[in-house]
1. Go through VAL65, TRP28, ALA204 and say which Cα lies farthest out towards the positive end of the charge dipole of the chain; charges sit on Cβ, +1 for Lys and Arg, -1 for Asp and Glu.
2. Arranged from highest to lowest average of other beta-carbon atoms within 10 Å per residue, in what order do the peptides 218-226, 424-432 appear?
3. Among DSSP beta bridges whose residues both lie in the chain, state the antiparallel percentage, nearest 5.
4. Just how large is the dipole of the stretch 54-325 about the Cα centre, in debye to the nearest 20, putting +1 at every Lys and Arg Cβ and -1 at every Asp and Glu Cβ?
5. Which whole-Hz ³J(HN,Hα) couplings does the stretch 278-289 yield from phi under the Karplus relation 6.51 cos²θ - 1.76 cosθ + 1.60, θ = phi - 60°, glycine and proline marked x?
6. Which lysines, if any, have their Cα less than 16 Å from the Cα of LYS340, not counting same-chain residues under 8 positions apart?
7. Under 5 Å between amide hydrogens, which residues at least 5 positions from ASP355 or on another chain qualify, with H placed 1.01 Å from N in the peptide plane?
8. Which whole-Hz couplings ³J(HN,Hα) result when phi for each residue of the stretch 35-47 is put into the Karplus expression 6.51 cos²θ - 1.76 cosθ + 1.60, θ = phi - 60°, listed in order with x for Gly and Pro?
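Bear in mind that the values in this text are calculations on the coordinates, not laboratory data. All values derive from a computational prediction rather than experimental measurement. Neighbour counts run over all protein chains shown; Cβ positions are idealised from the backbone, glycine included.
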Amino acid sequence: MAKRDYLIKPLVGENYPTIDRGETIYLWDKQGKKYIDGSSGAVAASIGHGVKEIIDEMVRQASKVAFIYRSQFTSEPAEQLAEKIGQLAPSDLNWSFFVNSGTEATETAMKMAIQHFQERGIHTKTKIISRSMSYHGITIGSLSMSGHPLRRKRFTSLLEDYPMVEAPYCKRCPYELEPGKCGLLCATALDRTIQKLGSENVAAFICEPIVGAAGAALTPPKGYYEKIKEICEKHDVLLIADEVMTGIGRTGEMFGMNHWDCVPDLLVLGKGLAAGYTPIAVAIASDRVMQPILEGSRLVMSGHTFSANPLSASVALAVLNYVEKNGLVQNSKVQGKKIKSKLIEWQKEFPFIFDVRGEGLLIGIEINDNLFDCKSVTNRVIEIAKEQGLLLYPSVSGPYGRSENSFLLSPPLVITDEQVDELLTLLKKVFKALNKEAKEIV
């Protein structure tokens, strides 16, 4: 008699391999099969698996005190982590509110933006503008800010109808214009949208510096965020950078927004903040955002039981120190360029590769799904790759972000030259297998 399931897995009833152990960029299941973690899990395990000094810090802090409630105590790990983030973050982004996940962090940033104006006596600024291809989390508030059609559709009736502007998708320009000759219409659309709504009603614009799950590393053109910031300042609208996926070295810069001359008013971190070793995320606010709150209620209206717990804070601090000590931001830049250039070269051999984009070790590959009969090219690629021992992360793209035709390549930032070659060897096997299933280009 088959053993019944008790765990709700991503696909209920599906047989998943059982993990046994991990080391650097590798994972092994209980059957002994070895995998290259080409996606860092969900773009989270950025310093690799089994790092002894992180594990040692976890044990050290757990043996001292693992949990305190933030309304009763502060802790040295939380204070030190907030200070460290303040040192790393640009300009006056000095105030950290710790939560457990990226979803909670984006929703906290949303609430802080609205509260900022309330404390200034402006109660009409409650709308948040986002982009048509975006993903900011799965709770009702964060999903309301997300332009991810596949993840929204079950809950549309429950979601806030927040306005959205077109994403900077140069390969499939929504305005059918050529990059460099478009006048950055995808950015100036924000100005038109704010004027249409009335700036007195708009609190913030939220964006991923490089779009992840909802766009396979869509990367805006030069000048885009500078124009966005100019528009936000013109209308007294706060800019929220959702760096849950792009932050802490993933794109070859400490923060994804550093690729542009633009400093947001609020910045959100998750995933790479603790690199998968513990659940923690943070909403970071500038001095300007916090000033009316400090002069007013002195209370940010958000909170979670495990916010700023000392165990998670100590682990995250150890991860940040590890990233700096081992030069992982620079390694992300170097290895990312190497992988991306090879993928661009392969476009001649595999013409089904529609686009290669991204920065650092956040690389998106979009497939021309017109050349395949399967319902989801994304799922087929991931299936073939897993058979080969390579793990990839699913994404959507295509017109309006509704096509399952892309994936992310985002290995741990510790990946070496030899491991890059090993990863590319497996990926080429995946593409050769996929090539056999592609239709001929007429």
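1. Checked the options; the winner is TRP28.
2. 218-226, 424-432
3. Working: 33 of 47 bridges.
The antiparallel fraction comes to roughly 70 percent.
4. For this selection, approximately 720 debye.
5. Along the stretch 278-289, the couplings run 6, x, 7, 8, 8, 9, 10, 10, 6, 4, 5, 5 Hz.
6. List returned: LYS348, LYS428.
7. GLU366
8. 10, 8, 7, x, 10, 6, x, 9, 6, 10, 7, 6, 9
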